[in-house]
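Bear in mind that the values in this text are calculations on the coordinates, not laboratory data. Computed from a predicted model, the values in this text were never measured in an experiment. FYI the Cβ positions are ideal-geometry reconstructions off the backbone, even for glycines, and counts take in every protein chain you see.
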Amino acid sequence: MDDIPRAPHSRPDLAETWALVAAMEQSSRAAYRAVGKRIRQQVADYEHIGIVELAEIHRLLDSELKQLEQVQNRLLHDGMLAAAAAAALGWRGSRREPEAERLLVRHLLDTPQKDGLNLSARLWRIHAGAARDLKSVVDVAVQRGWDAEHTLQRTLNITPELKQALEEAGAGAVARRLEAGLLTSPGNAAMKFRRVLRTEINRAHGERYKQLARADENVIGLRFMLSPRHPRVDICDEHAAADLYGLGQGVYPVDECPWPAHPNTFSYTEAVYRDEIGSLNPTVEKVQTEIAAEADGLLERAAAIEPVITGDLQRMAAAVQARMAGLDYRFKGRESLIRKIESKTWRRDVTPARAAANITDVLRYTVLLDSESFVSQYWQLQEQLAASGYQTNKVSNTWRKNAVYKGINTTIIKNGQVFELQFHTEQSFNLKNNELHKLYEEAREISTSTERRAELQRQMVELSRQIPTPPGISTIQTKAGIR
């Protein structure tokens, strides 16, 4: 329930609905816990689970889960009715219409969705699946215990495997696994029902809100709004940012709005009036602002320590007869940084802040070493870095046969600032930034054919083979980073 967002102040209907979701989830969880506790206590009381006891446990599960099903389905039905009623709070002067709300909930329960199942059938699947899964937990554990007992009678030699099977078949262990199957195991029954509860209560509110929008002649559409705690970039962002009808960002005709885009969502819709045509979607702007702010924060923190790092690296490089290259490009560009954060937020559960925290190349440097003395210069530099309070966190040695890119890439930390330091020879550096770069850019284009991409790969490998390999380069071993 910690992931339920706070509703915008302008939407009391959402505040009511999301508070309702939280309360219903708490009640649902409490009911699952109570049943899990009763099952655990009763099963744990058995001294031994034989055929008779196994049948009794099956009957216990059927009885308890049937009662639980009735409680949970009633919770859901009541929650959907209350959420449909709450939609009226989003409209000035609107009043509750209990009959319309009841008919809507009935419609949502009975109407098949994309998978061909209506909500009633989906609920039956969840509850029946829970009973089946819990019975399987008992059956498998008990059968393994019986098999272990028979084996032990023949061999009189209790192996670790037999001991484990006997322990897992004990009433206490079986009881704990049954409780976990309801509450804590991956894919547990409580979690599955919670997902449906959350999805359908929000759907009931959203569909009733849509009905009220349809009845208002001044409403020209519904805007797809991102949740105030939108955790990651997904299909919702596309719907919220699109302007397919020329009505404004994320605005759709009432009956064309693609909300909800997926289950378990806290995205929502908002009525748009004629004088708002063409306006921006503030929830999308907020995400963009957050990403830009993270990029600016990274650049600001890097700029504060950059003069010290740059000066130290120049001094250390000169001390081992090496030189720095590409210093004009030591800062990653702001737009490039924003794109990188955006690309990382496409992943599940990655916020802009989390994405930014894992970027290591806001500052990046290159030092050029002599091909023949590359390894000794590298280790001399590493010694100087350590002596000056720099920690080498990650090392990637790509100087391998048939590698396209050849160099040593490291990630360094100084006073909390992470930066990248590459080690090249003059030839590997020039090749990387010229011929190889051109081929690489063509290879990464979406329009490049598979055949052409394979040819470009072959050309890049051939070019890289021309680079002399520094003696002893394999002694510089790859090291995984620690964050």
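Table for the structure above
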item: Inter-site label distance for Arg452 and Thr398 at 7 Å from Cα along Cβ, in nm; result: 2.3
item: Those lysines that a straight Cα-Cα span of less than 16 Å connects to Lys37, excepting residues fewer than 8 apart in one chain; result: Lys66
item: Inter-site label distance for Glu217 and Arg229 at 7 Å from Cα along Cβ, in nm; result: 4.2
item: Inter-label distance for Arg195 and Tyr329, nm, one decimal - labels placed 7 Å from Cα along Cα-to-Cβ; result: 4.5
item: Inter-centroid distance (Cα atoms) of segment 70-136 relative to segment 7-51, Å; result: 17
item: Neighbour-count order for Lys286, Lys406, Lys414, fewest beta carbons within 10 angstrom listed first; result: Lys286, Lys414, Lys406
item: Listed residue pairs exceeding 25 Å between alpha carbons, taken from Lys340/Lys394; Lys394/Lys432; Lys192/Lys286; Lys438/Lys479; result: Lys192/Lys286; Lys438/Lys479
item: Ellipsoid equivalent to segment 278-342 - semi-axes via the Cα gyration tensor, in Å; result: 37, 11, 7
item: Ranked list, fewest to most other Cβ atoms within 10 Å of each Cβ, for Ile51, Ile39, Ile338; result: Ile51, Ile338, Ile39
item: Convex hull per residue volume in Å³, alpha carbons only, for segment 207-349; result: 134
item: ³J(HN,Hα), Karplus 6.51/-1.76/1.60, whole Hz, each residue of segment 240-249, x for Gly, Pro; result: 6, 9, 6, 10, 7, 10, x, 9, x, 5
item: Relative counts (whole %) of C-alpha pair distances in segment 390-483, using bins that are 10 Å wide; result: 15, 39, 31, 14, 1
item: Sequence-distant residues sharing a close amide H with Tyr365 (under 5 Å, placed H); result: Glu420, Leu421, Gln422
item: Other-chain or far-sequence residues with amide H under 5 Å of Ile220's (modelled H); result: Val272, Tyr273, Arg274
item: Karplus-derived 3J(HN,Hα), 6.51/-1.76/1.60, for each residue of segment 9-23, Hz, glycine and proline x; result: 4, 7, 10, x, 5, 6, 4, 5, 5, 6, 5, 5, 4, 4, 5
item: Reported label for calculated semi-axes √(5λ) of the Cα gyration tensor in Å given [x] 54, 39, 20; [y] 36, 29, 23; [z] 35, 32, 20; result: [x]
item: Over segment 318-443: Rg over Rh, Cα atoms, Kirkwood Rh; result: 0.99
item: Placed amide H near Arg323: partners under 5 Å, 5+ positions off or other chain; result: Leu368
item: For segment 373-434 versus segment 277-329, the gap between their alpha-carbon centres in whole angstrom; result: 19
item: Value at 222 nm in deg cm²/dmol, rounded to 500, when DSSP H runs of n ≥ 4 in the chain each add -39,500 (n - 2.57); result: -19500 deg cm²/dmol
item: Whole-Hz couplings from phi, Karplus 6.51/-1.76/1.60, listed for segment 305-310; x for Gly and Pro; result: 10, 4, x, 5, 5, 4
item: Folded to 0 to 90 degrees: helix 450-465 orientation relative to the chain principal axis, Cα; result: 40
